[in-house]
Structures are given as C-alpha cells and as structure tokens.
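Q: Before anything else, here's the structure in question.
Quick note: the coordinates plus some simple rules give every number you see, no bench work behind them. The structure presented is a predicted model; accordingly, all values stated were derived computationally and were not measured. Because the Cβ atoms are built from the backbone with ideal geometry, glycine has one as well, and the counts that use them run over all protein chains shown.
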C-alpha cells in the first residue's frame, strides 16, 4: 500500500517525500491550521466540496470545490497549479483570484507545506459539485481590475525565518502570518478591500460579518493587555481562558482549527504574539450625549440582569462565566462585540477542554435599545475598563444583524 501511494504522489509531481503516509497526515494537519474547511464546506454540505458563499462588501463570492473530482474540483490540478494558487493567487488557467481567498497570507506558506496540503486533498472522496457563478457587483466582477490591485497591495514570497529569533518564534510567526492568515480578520481594510498590514494585527471590523477582531498585541496598550502566553494558548485550545471567551467568528476558528493544533504550535503562536510591538495609547472615544445618564441607568440594569453571573466586581465566576473587567471583547474600540453579545447571546465552542460550555442568553427581547446602550456603556467604563460609551443608535444598528 505504501508503495502504491508513493507511486501516486510521484505521478502528481510530489517527489521529495520519504513516505506518502507522512505527507498526507502532515497535509491534513496543515489544512486544519489554515482553517480551510470553514470556507470550502457549505452548511450541511460535503467536506471541502465548496458551495459556501463568502459575503464581501463588493458582492458574494462562492468558495470552490477542493475535492479531487476531475470536472468540478481539483482532480485535474498538479502540485504546481496548487502552489501557484496559494503562492501567487492565480487559478489553474492563470486568472487572478479574488482576495476573499487569502493568498495575501498564504503566499508565505512553503512549497513543501503546499505540496503536503495538496497531497491530502487528493485523498478526499471526489464530490461532483459545479462552482456557483460569481455575483460580484459591477465593476468588481471585472477581473482585469485585479491586475492593478495586485501591483499595489500584494507581494508574493514565502516566509523567511529570522535568524536572530528562536525556532519557536519563527514557527509562531509562520503560522500567524501564513497558514493562520490572522491579519485577514485582525486588521482594518482600506476602501479597496486590502488588509492594512502596518501596524500588523492591529484590529479591525470584519467586513459584512460586523464583528470586531481585536488588536492581538499583548503590551500595556495592546488589545490583549494583561494576557499571558498561557492565556492565549488556553483560549485557542479550549475557547475560553481566565481573561475571556471566544465568541462569534473566533469561536468557529477555535472549533474547526486551533483546538486541533499541537501544544507546541499553540505555544509558538503565543510567543510570537507576545513579541508584537506595543501600540500607541488609544485615544479616548468621543463622548456621546447623555452618556452619564446612560451609564447610571446601565448600572442598575447590570445589577439586575448581569451581576448574578459576572459578579458585582466584573471578575466572573471561575470557568463558568467569563470576567468583564479588562476583557477585550468588552473594551474593543467600537463596542460592537459586547453589543452583539448582549443582544444575541454569547456562545463559546464546545471543545475537549470545555465540553459543556456555559452560554449567555440573548437579551434582545428583554432590553430595549436604551437599556442595552446603558448596560454596555456601564460595563465598558466600570472597574478597570476605560472604553467609550455606546449610543442607542449603535445598538439599533446591530439589533438586526444576523449572528455568525
């Protein structure tokens, strides 16, 4: 059997491996680290058969079929074709791929790792599922526009290790910058849809999904200020830590990707994040009319609705209820995440380390916009928190936004 697999991979153009079984298993792990299933598997669909439509500000983009079906998948692709897609953002026919596929990050993935992922994808059951048509709005459906976009916003190149850093740091940088494609969410985007890379991982609103992916630096002014490397590892492994809980899109990342990573890789990610430069102190947000009254009213709402679980001191209760004091979900610059958690509830992923997670019920039917704005503003300014207040209009804007 091993000889047959080795022959198969040689035919695919993968000739630098010792054992076919090794490269397939490594490819499975790497595809998990890249969270490929999240985009390339439709709800209730066959794994990696595509069909999920990715919403973007420029229109919906369907994710393609990655199974080895000859007509509708990658059955006719070579290892070189697959590498060009990840490394250069080019389809098999040479057309430019849209950056909803994060080739701007995947370009850093090494050729050996690309080959391993491709080898594993080739072992999946072939599923016939034709690609859905692109429904991008005009003029974004004109692919030739990707030419100038690529010239301005894309630099191809594999990750180059920093010889002055230890191996664990380089491994973490490789995972975060490349396969993990963390900057695709944890950065703001410009008007052309390109992620801003300076400063790196500085936080931003995820387009269309309308969640705020926080700044990931751990310095005094960072989004993860006060977090230890162990806190980061625990969150990525279990979906919760003593500092906070993964909600929204991050809960899905933990569920489908990071909880499956080795402890060494999680520690490497934390080591790299710990080294990110501390950002400039955040400027205080503009005060809103009636903020003092909102906060005063919000305190009463908190005492009636929230304190029983999260505590009068905002420190939460053990593993069951997360702290709200110094919680980045609470203090992000926008207030989006905590507004959405109050309205729609908070649901962390079920993982091996947290098999029966406690969930926060939704309060959208129980509290009106003024009450939600009040309790959120109070939480964002109570205890050690120093975030700006939110308005009833802010709450109204997200009351009708569907959860992810």
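Q: Give me the percent relative contact order of the range 291-399, please, defined on Cα pairs under 8 angstrom at least 6 residues apart.
A: 34
Q: Something else about it: Could you list, bin by bin from short to long, the percent of Cα-Cα pairs of the chain in 20 Å steps?
A: Spelled out per bin, shortest first, that is 25, 55, 19, 1.
Q: Same structure again: Multiply the residue separation of residue 151 and residue 53 by 0.36 nm, subtract the distance between their alpha-carbon atoms, and state the gained length in nm to one decimal.
A: Computed gain between residue 151 and residue 53 is 32.6 nm.
Q: Same structure again: Would you mind checking the tilt of helix 369-381 against the longest principal axis of the Cα atoms of the chain, expressed as 0 to 90 degrees and rounded to 10?
A: 90
Q: Further question on the same structure: I want to check the label-to-label distance for residue 135 and residue 385. Put each point 7 Å from Cα in the C-beta direction and report it in nm to one decimal.
A: A separation of 3.8 nm, rounded to one decimal place.
Q: Angle, helix 291-305 long axis vs. longest principal axis of the chain, Cα atoms, 0 to 90°, nearest 10?
A: 80
Q: Same structure again: Put one equal scatterer on each alpha carbon of the range 258-362, apply the Debye formula with no solvent term, and list log10 I(q)/I(0) at q = 0.14 1/Å to two decimals.
A: After summing over all Cα pairs, the log10 values are -0.80.
Q: In addition: Per 0.36 nm of contour for each residue apart, how much would the distance between residue 397 and residue 112 grow if the chain were fully extended, relative to their Cα-Cα spacing?
A: Here the segment from residue 397 to residue 112 would lengthen by 98.0 nm.
Q: I've got another one for you. Specify the residue with the greatest mean-square fluctuation among 57, 133, 68, computed from a Gaussian network of the chain linking alpha-carbon atoms under 10 Å apart.
A: 133
Q: In nanometres, what is the gap between the two model label sites at residue 164 and residue 194, each 7 Å from Cα along Cα-to-Cβ?
A: Taking the simple label geometry, residue 164 and residue 194 are separated by 2.7 nm.
Q: On to the next question. Give, in nm to one decimal, the length gained when the segment between residue 320 and residue 142 is fully stretched (0.36 nm per residue of separation minus the Cα-Cα distance).
A: 59.1 nm
Q: Rounded to the nearest Å, what's the spacing between the alpha carbon centres of the range 24-92 and the range 179-241? Just the number, please.
A: Going from one Cα centre to the other spans 24 Å.
Q: Now, a different point. Note down the relative contact order for the range 175-216 as a percent, whole number, built from C-alpha pairs under 8 angstrom at least six residues apart.
A: Reported as a whole number, the value is 34 percent.
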